[in-house]
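Every read-out reported here was derived from the displayed coordinates using simple, explicitly stated rules and does not represent laboratory data. Just so it is clear, the structure is predicted and the values come from calculations on it, not from any experiment. As a convention, Cβ positions derive from the backbone with ideal geometry for all residues, glycine included, and neighbour counts pool all protein chains shown.
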Amino acid sequence: MTACVGLISGGLLVAAPAISAPSHELEITSLAFSGVDQTPGDGVCRTADGSCTLRAALEESNALNGAPGAVIIGVKPGLSGIIRPVMTRSTANWMQTSAVSTWDDGAFYRITAPVTLDLDNRVSIIPTSESTEAAAFEISGPDVALKNFRDILSSGTSIVMGEQAKRVSLVGGSTVTKENYYPERFVVYRQGASDISVSDYELQGFYHEGQQTSGLFLFNATTATPMKNISIARVKVNYTAGGVCNGSDGSGCRTNLTTFSPRDANVVLDGFSFTDSTVRNLNGATAFKFSNNSTTGVRLSNLNISGNQFLNSVGNGTGDEYAFVTLPPGTLSGENRISRNDFVRATSGQTIAISWDGLTRTGTVPSGLSITDNYFDGYESSIRLSRSGLTTVSGNTFGTRSGSQGRPATGEETGDGGSLLVDNGTESNQTVSTWYPTAASSVVAAPSSGAMVAAPRATFTGGTCTAEITVAKPAGSGKSVPSGPVSLDLYWTADRTAEIHLGRVTGVTAAAASVAFSLPVGPQPLAGATVPASAQAVNATTGDVSGFVRVQTHVETTPQLTSSQLSRAVGVTGNCRPTLTLDQAGGQNDPTMSRDLHYTLRSSLPLDPSTVTADDVQLSAAATAETLDAERLDPRVIAVTPVAGTNGLEFDVVARVDDSASVSATLAAGRVTSTSGLTNTAAAVSADPRVTFVNPLQVTSTRFTLVTGDEKGKSYAMMLRAGAPVPTSPLIFSSKIDAVGVAHGVGLSTSTPVIAPGARSTESIVLQATDGDVTANTEATIAATVASEDENYDGLVVPSVSAFLFATDPTIEIEKRAYADVADASTPATIEQTGRLVLTGARLVDGQAVCFVYTVTNRSADDWITSLHDIVVTDSDLRLGARGVIGSISQLAVGENAKVAACGTIVSNGTADGWGR
């Protein structure tokens, strides 16, 4: 046996019994109304004809008096239909012949012991007359579970929860008056009943005989013994808009949702929960009228009306004593709350949604009542409090049909008795004045320094964008000014009410404050009577902001807040679509040999980082004078990262190319989304969107001649441009000789040269070709790629090398002549013109100045009848020229000559030919 506690929706704890394993399972086999059990208590349900009726099963169960859960009554498979009660009160017909309520003279069926009765929605009870008023069931015992009751009706009450009813639950089913208008009440609760729950049930109809005699849920007490822990959850009441209510059709009947009879101190209700339910089209009837008049009413404590929809209500009567929820005059004990409900009035009807006159409370005494996070629409005064002490009223929103101050709502709601959203009358919340906005508010990219940020108390449909408002503490004569820290609720309205609760800031102490808040984008659903309604602070298409903002103040008193009425309204403006710029990042070198090219994307409003991706940025790359291969630029974005501390307003965009290029970045319209859920309507604007990348890889020589069979060959090296980034990992080149070179035996000393970390070039690469005939000037190409863990170099385009092949060595004739006493040594020609030719064998003295002119003639023949390029003239005496290099000749045709010169001083054996050749 396991003890447990059941939790009913809305927070009301209803005690549950310890459940035993079933010991008796009784099965109804007959729908006859009459038929008593032959031997109650023998564990067998059997009437005289051998069948098992509902009455016989209950008589057997009552006699067994088993533990909770031990006795189960079900319905035979395949059996379904209607039980027709005999309306003559007698022990032969009814199990209870004495009154079970003020109006019910007896009950067809009576339950006095623990039992689970499951009718499986297949067995109904429908009376054929109202000659006598009776209940269908009286529950007069503990630990009863009623399940799947469909159309359980009577001439009076469906189910009476008697004084001995404890821990009773009704779960699942539907009861609708269709055949007639005889039924008047669904459940009646008597004094002493406790821990009673009705859940997951649908109701419609029931005749309304009078305000004190009829109701779906009626509380009937003739003594002051409390009723405790009464829970109604997930119930649907949908009264028809038309229909008739007579002896042959009850579909158009409608009655009170709840009735308290009498509405005086005899009805003591400790713990009443009505939660997560829907009530539609309540007309000519009351919902929660806990008071009889302005001075008497139910003794109520621990009330919970939460999570319900009360739609298209007309109600009954107008004024303070006929509100949709009319709380009893005087005090409420315990914790009482009305929260998360939708109160939507029809086009006419009750003028007040919630009314309470606390009678004797002063303005500083906590009331024990909170009215929070409800939606009201259509009432002239939504919440009216009088003599209620400190009553928390916060987070409530109000539709456009709600009564409020006149347009344009530029004053505070500090009046009493008029059409107000929240009316703090005499001795209610100390009639404290509210903080108020001092100027219009507008959309901002981010909260300003020092601004307080309102935390949203609801989940908005779609995104949000940020706006900011300045508020001030009230001052001046005739005002009750808040003292101590306060919380501020902000609301948006299209005109003069408060359709959307924007959020709350707490702990406000200064005389003025800036408050940042979130504006929801797109239509926000509001409860509607017949047609769904919505409010829109930010147009989801254009991003334009409209409407007004107003404030409500809560002094942070304990144990509950002191709530003000609502402030004046001020306009809110701006646009919640982001505008963008995309430019070369600050500090980005241009041109640069660093591989990562940085751009900065800036937005006027915070962007959702998940929508800003590499695919959103488009790159274009144009070749430059340094480009090696325009077909291999491959521009791409490798990363888009939010810039830390910018709250989604800036992003670092990193691009790369594989060769020298001028790279430009753009971002088209509709590519990124702000946190408001809106995309950019226009392309990003750019003042400087271009960065030039210079490929840092070079070779020492890209073109040279190569004689087949020459053992020396030719040398070159891979190198970095001056100023290129220092490699952090080896740059490994892979060289490949083309088919022409392979055919002529071209080979490399290494095909995988390396630039080491920190180095600037590879070792020399020797290029040789095997001996053999070749057409002069045949071009062989050596291509290369590079790989490295240093991403600045990995995959860059590498310069190729062209070797022009010849079968024989070219013939170059160099004639060297010495000149002394040279007056002008600027060119070979001036040396010859102004100097004296020194003949072979002539003596020169040590220290004498001398110039040498080198005449270079192209004597090529056979395969070498061609122009020669890049001829470098050297001398073995390294004192001449630059370490022996006299000069270079870019091109020399066959038979042509050119001259270069160098000057020095005699220091050898005193003869001109003492110089090396």
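Got a sec? How would Thr624, Thr175, Thr558 order by Cβ neighbour count within 10 Å, fewest to most?
Arranged by neighbour count, lowest to highest, Thr624, Thr175, Thr558 become Thr558, Thr624, Thr175.
Between rounded, prolate and oblate, where does the stretch 125-182 land on the alpha carbon gyration tensor, with a ≥ b ≥ c its root eigenvalues, rounded for a/c under 1.5, else prolate if a/b exceeds b/c?
Oblate, since a/c reaches 1.5 and b/c is not below a/b.
If one computes the Cα centroid of the stretch 372-448 and of the stretch 93-128, what distance in Å separates the two points?
Rounded to whole Å, the Cα centres lie 49 Å apart.
Work out the length of the dipole vector of the stretch 697-806 about its Cα centre, built from +1 on the beta-carbon of each Lys and Arg and -1 on the beta-carbon of each Asp and Glu, and round it to the nearest 20 debye.
Computed about the Cα centre, the dipole is about 260 debye.
Run the reach check for Lys479 against aspartates and glutamates, Cα to Cα strictly under 13 Å, same-chain hits fewer than 8 apart removed. What comes back?
Correct list for Lys479: Glu412, Glu413.
Rounded to the nearest 5, what % of the DSSP beta bridges within the chain are antiparallel ones?
Counting only bridges with both partners in the chain, antiparallel ones make up about 50 percent.
Which ³J(HN,Hα) values in Hz, rounded to whole numbers, follow from the phi angles of the stretch 659-667 under the Karplus curve 6.51 cos²θ - 1.76 cosθ + 1.60, where θ = phi - 60° and Gly and Pro get x?
Each residue of the stretch 659-667 in turn: 8, 4, 6, 9, 10, 10, 10, 9, 9 Hz.
Sorted by packing (mean other beta-carbon atoms within 10 Å per residue), highest first, where do 656-667, 698-709 land?
Descending mean neighbour count gives 656-667, 698-709.
Can you put His554, His501 in order of Cβ neighbours within 10 angstrom, beginning with the fewest?
His501, His554
In the structure shown, do any of Lys76/Lys178; Lys147/Lys236; Lys147/Lys178 have a Cα-Cα gap over 23 Å, and if so which?
Beyond 23 Å between Cα atoms: Lys76/Lys178.
I need to check one value: relative contact order of the chain, counting alpha carbon pairs closer than 8 Å and at least 6 residues apart, in percent.
Across the chain, relative contact order equals 5 percent.
In deg cm²/dmol and to the nearest 500, what is the mean residue ellipticity at 222 nm of the chain if only DSSP H runs of at least 4 residues count, each as -39500 (n - 2.57), divided by the residue total?
One gets -500 deg cm²/dmol as the mean residue ellipticity at 222 nm.
For the stretch 795-836, what class follows from the C-alpha gyration tensor (a ≥ b ≥ c being the square roots of its eigenvalues): rounded when a/c is under 1.5, otherwise prolate if a/b is larger than b/c, else oblate?
oblate
Determine one quarter of the surface area of the Cα convex hull of the stretch 430-573, which equals its mean projected area, and express it in nm² to one decimal.
Averaged projected hull area, Cα only: 9.6 nm².
Note the angle between two axes, namely the Cα long axis of helix 54-64 and the longest principal axis of the Cα atoms of the chain, as a number of degrees from 0 to 90, rounded to the nearest 10.
90
Can you pull a Stokes-Einstein diffusion coefficient for the chain at 20 °C (1.002 mPa s), Rh from Kirkwood over Cα pairs, as a whole number of µm²/s?
The estimated diffusion coefficient comes to 59 µm²/s.
Which value, in nm² and rounded to one decimal, describes the direction-averaged projected area of the C-alpha convex hull of the stretch 133-291?
Computed as one quarter of the Cα hull surface, the answer is 7.9 nm².
Would you list, by chain and number, the aspartates and glutamates whose Cα falls below 15 Å from the Cα of Lys816, excluding same-chain residues fewer than 8 positions away?
Answer for Lys816, where 15 Å is the Cα cut-off: Glu832, Asp875, Asp877, Asp913, listed by chain and number.
Please name which of Thr827, Leu892, Thr874 has its Cα lying farthest along the dipole of the stretch 812-914 towards the positive end, using unit charges on Cβ (Lys, Arg +1; Asp, Glu -1) and the Cα centre as origin.
Thr827
Could you give P(r) for the stretch 300-434, binned at 5 Å from zero, as whole percent values over all Cα-Cα pairs?
In whole percents, the pair-distance histogram is 2, 11, 21, 25, 22, 13, 5, 1, 0.
Would you mind ranking Cys465, Cys903 by Cβ crowding within 10 Å, fewest neighbours first?
Cys903, Cys465
Can you give the three extents of the C-alpha atoms in the stretch 812-914 along their principal axes, from longest to shortest, in whole Å?
46, 26, 24
So, R0 is 41 Å and r is the distance between the beta-carbons of Asp608 and Arg721; what FRET efficiency does that work out to, to 0.05?
0.50
Quickly work out the Asp49-to-Asp495 label distance, labels modelled 7 Å from Cα along the C-beta direction, and quote it in nm with one decimal.
Inter-label distance under the simple model: 6.7 nm.
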